[in-house]
Amino acid sequence: MAGIRHLKEVHDKMGEDFLNKLFNEYLIVNEKVNGSFLGFKKNQETDKFKFFNKRNEIGYIDRVLSKFYNDPINHINGLDENKVQRIPSNMYFGLEYISNTSTNLEDYGRLPKNGLLLNFIHEIDENGNVIKTIQDKKILDEWADFLEIDGPTIVFEGTLNDDQKVEIMDFIYCAKEDLLEKFKTRSFIKHVISILNKDFKESFLENSL
């Protein structure tokens, strides 16, 4: 219920205009996968890849001390030389890594291809500053196929229509004790998914919604 309470606080603190603007933005809703972040980009001078966790570059010593990222790093480094040549050096790829030894592995119906999901691509300038972020599913799916991994787990992409806005707000402001009777569920996530994507019947990685 924390998400519902948070949205109510946004409404109370920021006002109706702010919430309306938020609901009128172009939205991309991803399924959250319980993995580990891995980023990489190509060095223009050497054609070698640099790899990153959430905070820092993953160097040689890091890989010696911890072998956790070795499999996905070896996969990217092992791409065909022709593919490596075609990867622009001004692209930073943001991935989600799920190891086959993950402690929560029993929750998943399957693992992504080579343990990796492509979440986004940053276009960066020569100083490493982000100038554009690519989250378009079609483009990401094409790059994922090129990299021999899985594409993003996008549940919804687009703008909400009026009916969707009303249905979401009805659930948010319904009293907790009335949720089950009115909506047949107390799960905010399950209900919102049914509003955003009625064809979404099964989680990408998990056994059920």
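Charges were assigned to the Cβ only: +1 to each Lys and Arg, -1 to each Asp and Glu. The resulting dipole of the chain about its Cα centre is roughly 440 debye.
Once backbone amide H atoms are built at 1.01 Å from N, PHE120 has GLY94 as its partners under 5 Å, excluding neighbours fewer than 5 places away on the same chain. Of all the options ARG63, ARG110, ARG86, the one that moves most in a Gaussian network model of the chain with Cα springs shorter than 10 angstrom is ARG86. Partner lysines whose Cα lies under 25 Å from the Cα of LYS182, excluding those fewer than 8 positions away in the same chain, are identified as LYS8, LYS165, LYS190, LYS198, LYS201. Normalising by residue count, segment 20-111 has a Cα convex hull of 170 Å³ per residue.
The order of the peptides 142-151, 52-61 by mean Cβ neighbours within 10 Å, most packed first, is 142-151, 52-61.
Counting only protein chains, not ligands or nucleic acids, how are MET169, MET14 ordered by accessible area (probe 1.4 Å), most first? Write down the numbers at each step before the final one.
Details: MET169 45, MET14 110 Å².
Heavy-atom accessible area, descending, gives MET14, MET169.
What the Cα atoms of segment 105-192 give is an Rg and a Dmax of 18.7, 57 Å.
Each helix, a run of at least 4 DSSP H residues, gives -39500 (n - 2.57); summed and divided by the residues of the chain, these come to -10000 deg cm²/dmol at 222 nm.
Would you mind telling me which residue in GLN85, GLN164, GLN135 has the biggest mean-square fluctuation in a Gaussian network model of the chain, where springs connect alpha carbons within a distance under 10 angstrom? Fluctuation is largest for GLN85.
Between ASP162 and ASN24, full extension at 0.36 nm per residue minus the direct alpha carbon distance yields a gain of 48.7 nm. Per residue, the chain exposes 63 Å² of solvent-accessible protein surface, assessed with a 1.4 angstrom probe and all protein chains in place. Couplings 3J(HN,Hα) of segment 63-77, computed from phi: 6, 6, 6, 9, 8, 4, 8, 4, 4, x, 5, 5, 5, 5, 5 Hz, in residue order, whole Hz [Karplus 6.51 cos²θ - 1.76 cosθ + 1.60, θ = phi - 60°; x for Gly and Pro].
Converting phi to 3J(HN,Hα) with the Karplus coefficients 6.51, -1.76 and 1.60 and the offset θ = phi - 60°, segment 18-24 yields 5, 5, 4, 5, 4, 6, 9 Hz in sequence order, with x at every glycine or proline. When the alpha carbon gyration tensor of the chain is reduced to an equivalent ellipsoid, the three semi-axes, largest first, read 37, 20, 16 Å. Sequentially through segment 41-46, phi angles give Karplus couplings (6.51, -1.76, 1.60; θ = phi - 60°) of 8, 9, 6, 4, 7, 9 Hz, Gly and Pro residues having no value and appearing as x. Between the residues HIS191, PHE37, ILE87, the greatest Cα displacement towards the positive end of the dipole of the chain, with unit charges on the Cβ of Lys, Arg, Asp and Glu, is found for PHE37. Against the criterion of solvent-accessible heavy-atom surface with a 1.4 angstrom probe, THR159, THR153 sort, most first, into THR159, THR153. Rolling a 1.4 angstrom probe over segment 29-123 with all protein chains present gives an accessible area of which 46% lies on carbon and sulfur atoms.
What residues from segment 149-170 fall in the zone where the backbone N is under 19 Å from a label point 7 Å along the Cα-to-C-beta line of LYS83? Counting backbone N atoms under 19 Å from the label point, the list is 149-153.
The values are calculated or read from the model by the stated rules, or taken from the named source; none is laboratory data. What you are looking at is a predicted structure, and each value in this text was computed from that prediction instead of being measured. So basically every Cβ, Gly included, is an ideal-geometry build from the backbone, and we count neighbours across all protein chains shown. Ligands, DNA and RNA are stripped out before the accessible areas are found, and what is left, the full protein with its side chains, is counted by its heavy atoms. Shrake-Rupley method; radii C 1.70, N 1.55, O 1.52, S 1.80 Å.
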